[in-house]
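Asks: Got a structure here, written out as C-alpha cells. Questions coming.
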Amino acid sequence: MSHVLIYSIPAFIALLLVELAWTRRHRSEAVKGYEARDTFASLTMGIGNVLISAVTTLGAVALWQWAFEHRIANLGALPIPIAAGVLFLGEDLCYYLFHRTHHHVRLLWAAHVHHHSSQYFNLSTALRQPWLTPFTGPFFWLPLAFVGYPPPMILTAQALSLMYQFWIHTEVVRKLPAPLEWLFNTPSHHRVHHGKNDRYLDRNHGGVLILWDRLFGTFEPEGEPVRYGLTSDIETFNPFRIATHELVAIARDVRAARSASAAFTAIFGPPARAGAAARPSAQ
C-alpha cells in the first residue's frame, strides 16, 4: 500500500465523523446513516486489509518490477504531463477491468463480495475493504509495468484512485452538475453499484471515471431508490464470516457437484447474482 494512502487515513476518519454527525441530524429515507455494529465491522475489515496489503504489496512490486524490466515500451519516460495523463487513464482502465472481472467470476467475486455486504452506504462502507483482493488484484495492473511504468508510479496512481473513491461512498451528496456526472464516478453512480435492485446489479464498475462503463455497456443511472447489500444478505457483523462466507458457499457447491464441469462452473462461473448462493449466517 502506498504511503500516500496510509497518510490519508486520519483524513478518512475525520470525514467519517463529520458525516456521522451530519446524518444524525438529517436522517431520512434517502439518508440511512450509520449502524454501530455495521460500522465496526467495516472498520475492522479496513484494518485487516491494511495489514494484509502491507505484506502482499511486496509481492506485487516484485511482479511489476519483473514486468518493467521486460517492458515493451517506455511510456513512463515521456514528458511528465503526457506520462501522467496516460498513466491516469491506463490505471483507471485497469481498475475497471479488475472490478468488472471480480463481479463476473465467482472465485474472484468471493474475494470482493465483502465490500458489498453492508446494508448501509456511508463513508465507513468505503473502508470495508476485502482481505483477498490484495492477492488477486496485482495481475490486473501488470500491463502498466509492461508499457514502461515502474512500480512506484503504479502504486501512486492506485493510491490516488482509492483516495478519490472514498468520498463517493455517501448518501449525503446527491447529484453533481451534469458534465461531472457524465465523466466522473460520483456518489450517485456508486450508489447504483452497491445496489441489489435487479436493474443495478453489476453496473458502474468505474474507479475515478464513469467513462469505461459508458463505453462498454455497464452504465446505469440512478433512478429508483437503492437497496444496499447482497441479493441474499448475510445477517452477520462478524468480519471473519463476512470475509469467508462466499468461499464457504463455493466449497459447499463443489462438494455437491455431480461432475467435473459442474465443479468448475461452481468455482469459475458467474456468481449467483451478487451473492445469492450464500446462505444467511447467524448473527
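Asks: Counting only residues that are in contact with a strand residue (DSSP E or B) (Cβ under 9 Å, 6 or more places away or on another chain) and in a helix (DSSP H, G or I), which one in segment 183-220 is surrounded by the fewest Cβ atoms within 10 Å (Cβ to Cβ)?
Replies: Per the stated criteria, the residue is 183.
Asks: Given the conditions (1) assigned to a loop (DSSP other than H, G, I, E, B); (2) modelled with pLDDT of 95 or more, and given that residue 234 satisfies all but one, which numbered condition is not satisfied?
Replies: Every condition holds for residue 234 apart from (2).
Asks: For residues that are part of a loop (DSSP other than H, G, I, E, B) and either β-branched (Val, Ile, Thr) or in contact with a helix residue (DSSP H, G or I) (Cβ under 9 Å, 6 or more places away or on another chain) (or both), tally how many sit in segment 168-182.
Replies: 9
Asks: Give segment 154-171 a look and list any residue that's surrounded by 20 or more Cβ atoms within 10 Å (Cβ to Cβ) and of a type in the set (A, V, I, L, M), or say none.
Replies: Scanning segment 154-171 gives 154, 155, 157, 168.
Asks: In addition: I need a count of the residues in segment 31-89 that are open to solvent by 20 Å² or more (accessible area, probe 1.4 Å), of a type in the set (D, E, K, R) and in contact (Cβ under 8 Å) with a residue 24 or more places away in the chain.
Replies: Residues meeting the conditions: 4.
Asks: Additional query: Just a yes or no: is a residue in segment 172-182 modelled with pLDDT of 95 or more and either in contact with a strand residue (DSSP E or B) (Cβ under 7 Å, 6 or more places away or on another chain) or surrounded by 19 or more Cβ atoms within 10 Å (Cβ to Cβ) (or both)?
Replies: no
The values are calculated or read from the model by the stated rules, or taken from the named source; none is laboratory data. All figures in this text were calculated on a predicted structure; none of them were measured in a lab. Please note: Cβ atoms are built from the backbone with ideal geometry, for glycine as well, and neighbour counts cover all protein chains shown. The area values use the complete protein model at the heavy-atom level, side chains included, leaving out ligands, DNA and RNA. Shrake-Rupley method; radii C 1.70, N 1.55, O 1.52, S 1.80 Å.
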